[in-house]
Protein chains: 2
Amino acid sequence: MAIEELSARAAAGPGDEPETAAARPTTPGGGPGTPAAGPGSGPGTPAAGPGGGPGTPAAGPGGMPAQPDAGPGGEPGPSAARRVEFRAEPACYRHWRLTVAGPAATLAMDVDEHGGLRDGYELKMNSYDLGVDIELYDAVQRLRFEHPQVRTVVLTSAKDKIFSAGANIRMLAAAPHAWKVNFCKFTNETRGAIEDASANSGQAYLAALNGTASGGGYELALACDHIMLVDDRSSVVSLPELPLLGVLPGTGGLTRVVDKRHVRRDLADYFATRAEGVGGTRAVRWRLVDEAVPRPGWDQAVAERAAGLGSASGRPAGARGIALTPLAKQRGDDHIGYRYAAADLDRDAGTATITIAGPEQDPPPGPAGVAEAGAEFWTLAMTRELDDLILDLRTNELELGTWVFKTAGDPGRVLAYDRLLLENSGDWLANEIVHYLKRTLKRLDVTSRSLIALIEPGSCFAGSLLELALAADRSYMLSGTFEDADPDAEPATVTLAGMNLGPLPMGNGLTRLQTRFYGDDAGLAAARAAAGGPLEAAEAERLGLVTFAPDDIDWDDEVRIAVEERASFSPDALTGLEANYRFAGPETMETKIFGRLTAWQNWIFNRPNASGPDGALRRFGTGQRAHFDRKRV
Amino acid sequence: MAIEELSARAAAGPGDEPETAAARPTTPGGGPGTPAAGPGSGPGTPAAGPGGGPGTPAAGPGGMPAQPDAGPGGEPGPSAARRVEFRAEPACYRHWRLTVAGPAATLAMDVDEHGGLRDGYELKMNSYDLGVDIELYDAVQRLRFEHPQVRTVVLTSAKDKIFSAGANIRMLAAAPHAWKVNFCKFTNETRGAIEDASANSGQAYLAALNGTASGGGYELALACDHIMLVDDRSSVVSLPELPLLGVLPGTGGLTRVVDKRHVRRDLADYFATRAEGVGGTRAVRWRLVDEAVPRPGWDQAVAERAAGLGSASGRPAGARGIALTPLAKQRGDDHIGYRYAAADLDRDAGTATITIAGPEQDPPPGPAGVAEAGAEFWTLAMTRELDDLILDLRTNELELGTWVFKTAGDPGRVLAYDRLLLENSGDWLANEIVHYLKRTLKRLDVTSRSLIALIEPGSCFAGSLLELALAADRSYMLSGTFEDADPDAEPATVTLAGMNLGPLPMGNGLTRLQTRFYGDDAGLAAARAAAGGPLEAAEAERLGLVTFAPDDIDWDDEVRIAVEERASFSPDALTGLEANYRFAGPETMETKIFGRLTAWQNWIFNRPNASGPDGALRRFGTGQRAHFDRKRV
């Protein structure tokens, strides 16, 4: 039973807080349980792909990206050893086995107990920490780009009798508040990526629960299209967080139970207070799973269901994947550099200035050229870099509270790349690239940092890159030129185009432009009517596409004050403000998870009843009962 | 400017926490600034109405309900002196002047500086505390029931140059977390009641800001249909909470700015970080207010706009109001009693058992009979009692974490009262009563207590009262009878009827029945098909209308375990669980405010950056800057 397993695991002795834990040496390929990419993993085994682009990649030996605590790349800053590294690849997975066989892939969870990202806990019974989820995210990404022939992904466990015990409790109990919140955010995004693959990529996910799935383990299943649970009188699904730990399920479980699977709310209430879970036919009757299958016919039933789920997929049968080659990255204490993305970190000011470079060349002529360019194709390369950069800054640079976005390059080229993708939206790869850009911009929307866009001469805020300014909490666009520095420069422009008008929706289902003009149909129509042409500052301000358009004389002061002010405000209040303002208008399951559920969870995580010395999360597994302040708030 | 006023006010010296502050003697009518109901306040001046019903009213001399610290009613329990009393009436208002002149009413804010609900702060510049809002809520209620001829309510200030400085900061800074949360919840509900009057009662609200409206003062204006701001080069609207206090505006400001008034999100961001606010034509251009009017033509413009706003109202010109007579109530340490509602408080178990009695007689024959019965009409009387009981328990009994609902009476009579109201829904009073019941049930939905319904023989969970069971997190219905106690009793039934099928929607816009069967159209159709007839336990369980239907043998154990378990869980996690489960499906501005905004605000209130000894809320007005932990979470 999940409760016993959880208890056994959590009794494993005290550990340090993840952020202060000693660095664990990376031992690629070590240990008996180390998973490896199975045979038949398709054309795109990344280690076999071409090397990274220019720039010094922070890659360790054998193409494995450096782990945070062992990376030879970048400057050896004081916190370098503790940085979390999000780059991964199948050859180095420690916790998952990815096998591909024709139209079906199997992603088997086989967590290495001793492979925790930090010391102080053991990942027993397929419990997971951030490191396990980083690999999962990588696998979900690669399945879309490297394995276009895959129509069904079977998510299962390589261990006996347990699918997954969920997020590791000792890890959570010892983690500082910010770590918990970042961990939940990333895992939520990965669950969202699974649903996005199913909705937009023709890759259905089948959760084949060959043992108990509790807590985050069940929540992972909830992100799948179909849930099968082995019916063996002991395997159950459960959400034991509330009764055992005094917190909520952290990866969308409550929302998906009622809003996606339509479990009746009173049954859902009972379920979430019952640590021992629900199995068998009752789990089916309550809609917690889709079917309960006895063990004897299990393998065959899973195979049949996988084939059935994939039969409706629009995936091209003969397409060849592209390799997501190792991402070249320089990581220092005050600079992060990729080929197209770069960030300058100013710890005194509390800012990261992020500059995205537009394409250096014109795009290839058609979809075949996109496939040939593969991971080198500008939009894909830039998106991968931005994705990694967001995750790096979010997780490793908590005190840089304001991100300032700039761009540099030729707006016409950005628009040409956009057009190539949109005109070939029926091409599987073009489709993947646009959806990946969409997901990456969504990451920005839920990032707890103030986002400010600076639009200056030489920038290329057009189409896809204009989304950065539209995602920002505020934008400043220089009216005219910098008279002292470069009086003859062309004044900055912004250009609205196809990418701004539909293919890159936010979590609320609206484009950033629609959200910006929510309830102002005339404003939206006027902006749309101006699409296609470059707009200088006065016009962009008049149309409401930028917040302020100061001239050279006022620019420095206005921008400086905005950035300094931001750094002087309460970081928590800013997070709350931004989380509320960024999602005007309709709500979706996604905005509910990131906006509502997350806020409640953050509150609970922060309360002594959970995280205080006598709280349930800290007391769990110690044999002592939690002490609760019983006041209802 | 608001910022200076706020600073001046907050510098008024330290105070105790409200919950430990010394009791303030109630001095009705004392002091020069004490408002009183103006002339012409209509037929329903409550002190002139008939006395309360049976039961011993806890009313002080002169019909004034006892203040928490001076109430002669009820047993003198240890906390009796500190209980908050929600019953109010215009003759005793200390902070508002309500005047009615034909189709227009004026509700002028004139807060008595020395009239705080607790000691330790002064309510300068029309800043408010819970006591001020209790009177506002009472006025909004009475306008609907006692003044049906009123088509426009002008909300303004009786003070010079200030509309309202918002929630009192010293009060907030010193308040315990639960007090802040309860305060915000009640004020949010009152803002919602204003919007409900406008949407469903033909009473438009005009905010006539004859001076600066900052923070909660502006949020009060945001609840109105139309906002006028005096254009005098000094009056502004502002949301200074974030820059000055490190918290969010607490009464829906962020949500209403973007979702209701459609202020562009980047301008809204700038506005909410600018402590000095925005006035004049810029406030109009940004949609923060509807018009800015110079002082010379102010009175005339307000009068014109009030007449215009009311012109479309469907309010009956000749209707006579009914008096909301003083509510009879017995309040002891372990029992709260009204005529139809009662609560037994079990502090050891952490429960309040609430019993609602059905009507004692058949309903009067038609709408004239409803009007004649007035506040004695069962549905209205019961709703007023339930409303007061919810507020009392929520605010005064924080440690009673589970509310157990029972009913007693004749289901047929409940249904007869329901039918009378629904068949006369065009009648203004019937309409008011149904909407009041709707609002009261919504209060239950957002109450941070576990709700369990027990459906036993002799109960009357039918129609309107069945909503109590549908609002509950879980319901238990006895199958058969209690063999030992009363083997010959009729088994309990539940009856779905008109009241369950539309007129009492939740905040998400769906009925509780629709929310229950969200995504399960077949289940909803089957339940609807069974409407009209009494359903015994097995059938009610089969249709999914109750959670469990144990028989006599299992009843005691199942119910006891459910209640005991609930009391053993983390109160915070339960609050989060319930807040997420109760609102499946679509979201509205209302659910966003109570679900998302509130959760973020609670988190922020609970963080050291706001409420710690060095936090912004505690440091405000001390001359010392707040010390922030700059980590973004």
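Read the figures in this text as sums done on the coordinates, not as results from a lab. Every value quoted in this text rests on a predicted model; they were computed, and no experiment measured them. As a convention, Cβ positions derive from the backbone with ideal geometry for all residues, glycine included, and neighbour counts pool all protein chains shown.
Here are the numbers for the structure shown:
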read-out: Calculated label separations, A:Q624, copies of the chain, 7 Å along the beta-carbon direction, nm; value: 3.1
read-out: Positive-end residue of A:H435, A:L451, A:Y218, charge dipole of chain A with Cβ unit charges; value: A:Y218
read-out: Exercise: per-residue mean of other protein chain Cβ atoms within 10 Å, A:517-524; value: 3
read-out: Sites B:A319 and A:E372, calculated FRET efficiency, Cβ-Cβ separation with R0 60 Å, nearest 0.05; value: 0.15
read-out: Ranked A:Y218, B:Y270, criterion: other C-beta atoms within 10 Å, fewest first; value: B:Y270, A:Y218
read-out: Prolate/oblate/rounded call for the protein assembly as shown, Cα gyration tensor, a/c under 1.5 rounded; value: oblate
read-out: Inter-chain shielding of A:624-630 (mean C-beta neighbours from other protein chains, 10 Å cut-off); value: 4
read-out: Anisotropy class of region B:464-582 from Cα gyration tensor, a/c 1.5 cut; value: oblate
read-out: Percent RCO, i.e. relative contact order, over region A:159-214, from Cα pairs under 8 Å lying at least 6 residues apart; value: 72
read-out: Shortest-first distances to equivalent copies, position B:D554, nm, label 7 Å out along Cβ; value: 7.2
read-out: Most to least packed among B:592-602, A:410-420 [average Cβ atoms within 10 Å]; value: B:592-602, A:410-420
read-out: log10 of Debye I(q)/I(0), alpha-carbon scatterers only, for region B:558-631 at 0.22 Å⁻¹; value: -0.95
read-out: Cβ-vector label at 7 Å, A:D119, separations to other copies in nm; value: 5.6
read-out: Relative exposure of A:L398, A:L239, A:L543, B:L172, judged by other C-beta atoms within 10 Å (fewest first); value: A:L543, A:L398, B:L172, A:L239
read-out: Residues with amide H under 5 Å from that of B:G211, placed H, sequence gap 5 or more; value: B:F163, B:V230
read-out: Of B:K260/B:K592; A:K180/B:K631; B:K159/B:K185; B:K260/B:K438, those spanning more than 19 Å from alpha-carbon to alpha-carbon; value: B:K159/B:K185; B:K260/B:K438
read-out: Cα-based reach from B:K161 at 24 Å (exclusive), listing lysines while leaving out same-chain residues under 8 positions away; value: B:K124
read-out: Angle between chain A longest axis and helix A:177-201 axis [Cα atoms, degrees, rounded to 10]; value: 90
read-out: Distance in nm between pseudo-label sites at B:R542 and B:A101 (7 Å out along the Cβ direction from Cα); value: 6.6
read-out: Nearest-20 debye value, the protein assembly as shown charge dipole, Cβ charges on Lys, Arg, Asp, Glu; value: 280
read-out: For q = 0.07, 0.12 Å⁻¹, Debye-computed log10 I/I(0) when each Cα of chain B counts as one equal scatterer; value: -0.43, -1.32
read-out: Evaluated over region B:203-333, the Cα radius of gyration and Dmax, each in Å; value: 17.9, 56
read-out: Averaged over A:590-596, number of beta-carbon atoms from partner chains that fall within 10 Å; value: 5
read-out: Exposure proxy order (Cβ contacts within 10 Å, fewest to most) of B:W298, A:W378; value: B:W298, A:W378
read-out: Relative contact order of chain A, defined on C-alpha pairs under 8 angstrom at six or more residues apart (%); value: 13
